[in-house]
Amino acid sequence: MNPMHHATGGAPDPTAIIRLSTAYWDSQTLLTANRVRLFDALADGARTPAEVAQALQLAPRGTALLLKACAGLGLLTEADGRFANAPSAATFLVSRSPAFMGNVIRYSDQLYGTWGQLEQSLREGRPALPAEAYLGDDPARTRAFVLAMHERALGIARALVGLLDLQGRRALLDVGGGPGTYSVLLTERFAGLEAEVLELPGVAAVARELVAAAGAADRVALRDGDYHHSDFGHGKDVVLMSGMFHRESEASCRDLIARAAACLQPGGLLIVSDVFTDAGGTQPAFAALFGLNMMLTAPDGGVHADADVMRWMADAGLRDMRSAALPPPMPHRVVMGVKP
Ligand SMILES: C[S@@+](CC[C@H](N)C(=O)[O-])C[C@H]1O[C@@H](n2cnc3c(N)ncnc32)[C@H](O)[C@@H]1O
C-alpha cells in the first residue's frame, strides 16, 4: 500500500510526509550512538546518564537527551533513571557480540554526508563520492569498506548458502568477491569446491588477510584484477557475481554475463546476488532508494530489476533462470541461470 494514502476515507494524509522530513533524525541518532560506542558503555548493565557521559567523555546534558531518544527509538530501555541496552541493541550493537553490526552501520555513517550532496549529484550527473576513495586509494576507508562488506556477508551468507546446492562442483570464480566471505563459507560448506576471488588490488590485500585469518587460504585464492578487463578463465563450475550489478550499466552487466557464460563449462551455474527491484523499478522502496545510494557512490551506480537480469541471461544463452529472495531483513535476491 502506498504509505501516502494511509488516511481513513482515502483523503491524502500529511503524516507520512512529515515523518519522512525528519527521518534523518532517527538515522543520525543511531549512527552517532554507534560511533561513540554508547552500546558498549551499557554492555555490562544499566547506567545513569551521568555515568555514561563520564565513561564516554561526553557532555552530561546532551548525553541524557541522547539516551532518552535512543530509548524512544526502542534501542534502549529506561527504568528509575537508568538506561540499558534493549535485547536487539545488546545482540547487534555491542562490539563483543558475535552478531555485531557496528561496522556495517559505520559504512552508512560515512555516507551520511554524501547523501547531503544528493542535489549536487543530480545536477552534475556524477557521484558525490569518488568510488576510488573506498576501493583502494584511501587505505583506511578501503579497510572500513571491506570490513563492513565482511560483516554484512557473514549475516547474509547463511541464508545464501541455504539457497544454493553446489555439491559436486569444483571451481568457483567469485567476481568482485570483496572480502572473500562468500568464497570462504561456500568452500567450507561444499567439500571439494575451490574458489578464486577476482578483486581490485587494494581490496584484495585486505581480503587476503581475512581469508588467511579464516584458515581458508588453501582453498580460496585472491587474484588482483579488474573485472571489466581481466580474463575469467575457463572450465568453471560456478560463477558468483554478488553485489556488483548495482555498480554497472545494463551494457556492462550484459558483458559480465556473457563472459561468465563463456568461462562456465556445460551445466555450470551463474549466480547473481544483489538488491533488485521488481519490474518497473519502484518497489520495494528500499531497493529504489538503494539505486540513489549507488548513484551517489559509483559512476554507473543504480539498481536493476531481477526480471531484466534474467532476460539478459537468456540473451547470453543461459537456461533455467530463477530468482529467489533471501529471507527478511535481507533485501537481496539471487538470480541463477545454467549454461546448457
Ligand atoms: C558491494 S561489493 C560486493 C563484495 C562481495 N561480492 C559481497 O557480495 O560481499 C562490490 C565489490 O566489487 C569490487 N569491484 C568494483 N569494481 C571492480 C572492478 N572493476 N574489478 C574488480 N572488482 C571490482 C569492489 O572492490 C567490491 O569489493
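Some notes on this structure:
- Within region 160-177, considering residues that are among the small types (Gly, Ala, Ser) and either under 19 Å from ARG259 (Cβ atoms) or modelled with pLDDT under 95 (or both), the one nearest to the ligand (Cβ to nearest atom): GLY176
- Tallying residues that are more than 10 Å from the ligand (Cβ to nearest atom) and either under 15 Å from the mean Cα position of the chain (by Cα) or without any contact (Cβ under 8 Å) to a residue 12 or more places away in the chain (or both) within region 133-142 yields 3.
- Residue pairs meeting the criteria (Cβ under 8 Å; at least 6 apart or on separate chains; first closer than 17 Å to HIS150 by Cβ, in region 85-100; second loosely packed, with under 14 Cβ neighbours inside 10 Å): PHE92/ALA99
- Meets criteria (within 20 Å of LEU318 (Cα to Cα), assigned to a helix (DSSP H, G or I) and touching a residue at least 12 places away in the same chain (Cβ under 8 Å)) for LEU256: yes
- Qualifying residue in region 263-280 (condition: closer than 21 Å to GLY178 by Cα and in a helix (DSSP H, G or I)): yes
- Count - residues of region 237-253 that are assigned to a strand (DSSP E or B) and within 8 Å of the ligand (Cβ to nearest atom): 3
- Flag if ARG126 is crowded, with 19+ Cβ neighbours inside 10 Å and within 25 Å of CYS253 (Cα to Cα): no
- Being touching a Phe, Trp or Tyr at 6+ places or on another chain (Cβ under 8 Å) and at positive phi holds for only one residue in GLY192, GLY176, GLY235, and it is GLY176.
- Count - residues of region 191-207 that are closer than 21 Å to GLY136 by Cβ and without any contact (Cβ under 8 Å) to a residue 24 or more places away in the chain: 2
- From the options VAL197, VAL220, VAL146, residue that is at pLDDT 95 or above, within 9 Å of the ligand (Cβ to nearest atom) and touching a helix residue (DSSP H, G or I) at 6+ places or on another chain (Cβ under 7 Å): VAL197
- The listed residue being over 28 Å from LEU135 (Cβ atoms), buried (at least 20 other Cβ atoms within 10 Å of the Cβ) and either at pLDDT 95 or above or not assigned by TED's automatic domain parsing to the domain that holds GLY233 (or both), out of LEU318, LEU269, LEU264, LEU256: LEU318
The values are calculated or read from the model by the stated rules, or taken from the named source; none is laboratory data. None of these values were measured; they are calculated from a predicted model. No Cβ is skipped: glycine too gets one built from the backbone with ideal geometry, and neighbour counts run over all protein chains shown.
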